[in-house]
Structure formats: structure tokens, C-alpha cells
């Protein structure tokens, strides 16, 4: 079936087919505020942080001046995330710096890879 495109002249048409669901292996699942909060609580519990989960800025850095975590803290969180969400975060993953750059980036990675 062809339908005139509302952005094009009336002489041009686009092809419209029935809607289909496409699942891509490179799906970009979005982190939800609920998942971000859940991960913030995991950080507080696993690392015994003296900050409330609600006070952790989802877009703030986890290392250094942000939450102040070091590589041992990240390793501990990675183990907890692996157990809770059913997928393995590997220490040799070249994307770890990006994955753990913020709570929001970690939540997006979890949303994309979780099995639980």
C-alpha cells in the first residue's frame, strides 16, 4: 500500500507495510529512573557508603571527585550486579570505563544485558 508522505509533494509516495517488531542484537535499552535508583541502593549496600541512595547523581562520575569509588569498589559492584541481574561484567571488557562512568551508563548497560 502506498500513502502520500505529508512532508513530500503530493506526487511522491512512501511504501507503508504492516507494523513489525524488529529485535536487534545491538538493542539500546534505556535505563529507567527505577533501575537507576535500584543500582544506587545496591552501591550503598554493597559498599557501605555513608550517602543515601537518593542523593547519588545518576549522571555524576563514579570515580574520583564524583562518588569517589576506586577500582576495588567497582569490582565489588560488578560482582553484585552480575549476581543480581544474571549476566557477567568482565574485568577485561574494553568498555568498562564507559560502562562505569556514571550510574546512568551502568543502568543502561544493565538494562541492555540483564537476564533477571
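Read the figures in this text as sums done on the coordinates, not as results from a lab. Not measured: the values here are computed from a predicted model. Don't worry about glycine lacking a Cβ; one is built from the backbone with ideal geometry, like all the others, and counts go over all protein chains shown.
One table, with the values for the structure above:
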{"quantity": "Ellipsoid equivalent to the range 30-113 - semi-axes via the Cα gyration tensor, in Å", "calculated": "17, 14, 13"}
{"quantity": "Extended-chain gain in nm, criterion 0.36 nm per residue less alpha-carbon gap, residue 90 and residue 65", "calculated": "6.5 nm"}
{"quantity": "Relative packing of 38-45, 84-91, 108-115, which averages over residues the other C-beta atoms within 10 Å, highest first", "calculated": "38-45, 108-115, 84-91"}
